[in-house]
1. Would you please name the residue that is surrounded by the most Cβ atoms within 10 Å (Cβ to Cβ), looking only at residues in region 29-70 that are at pLDDT 85 or above and not in a helix (DSSP H, G or I)?
2. Return only the number of the condition from (1) at pLDDT 70 or above; (2) surrounded by 12 or more Cβ atoms within 10 Å (Cβ to Cβ) that residue 187 does not satisfy.
3. Select from region 128-146 the residues that are within 17 Å of residue 206 (Cα to Cα) and surrounded by fewer than 24 Cβ atoms within 10 Å (Cβ to Cβ) and list them in ascending order.
């Protein structure tokens, strides 16, 4: 057998080949990437990258607390998350969206993921505002980093053994990656006192804490609301039954013709509501 016919020399043999593959992004991740890249193109057209701040989108969409604009123009809390400062900024943020948003979207679904992503950006903006108030630096905050770090924090909590290739070479757990990045940005913040860098930490802490504390808390709140609703329904049903008993006693004593228009109407409405309740109970029992 010639050497070229042996299995290890065939070009389709996978024994000595390294393969790389990328899964397609989930719907929310894909649309976030498309939105950020689309806004980036609009920024280029508007002159954000040529020093034309007076005519750029950053002036109208960046998050700034100067003159109270963050409160006077509340849309900035959302729009700043889609603005970026350059090609490197948007490129690495898109990588972050690609890697960190899909795992939580597969767990939570598109709607909850988008709400969480946006809330993470808002939490990052709050931290930025606090640091701005302390340092007096009110430059605009832009970028998806706060939202992405929130997704990273959520992944570190929910999928602690998820593996990430650091620098595309060294495999580490996502929880260790979150810890390393958190430590790095903490050192940057205490050395520079920059509110925009602190926003990374705000997003990361929110992303880790919100599912941990918010999940049980929301479930407890939901249980209390359901219990209160059942109490109100039971109280209303007792009150209604007392009214019906009084009307039926009058009918028994004096006949149907003795009822007033209001009593006839109350009896009719009570009968309809009783039928509705019985229908609902039958459906729940099925």
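The values are calculated or read from the model by the stated rules, or taken from the named source; none is laboratory data. As the structure is a prediction and not an experimental result, all values here were calculated from the model. Using ideal geometry, Cβ is built from the backbone for each residue, glycine included, and neighbour counts are taken over all protein chains shown.
1. Top of the filtered list is 63.
2. (2)
3. Selection gives 129, 130, 131.
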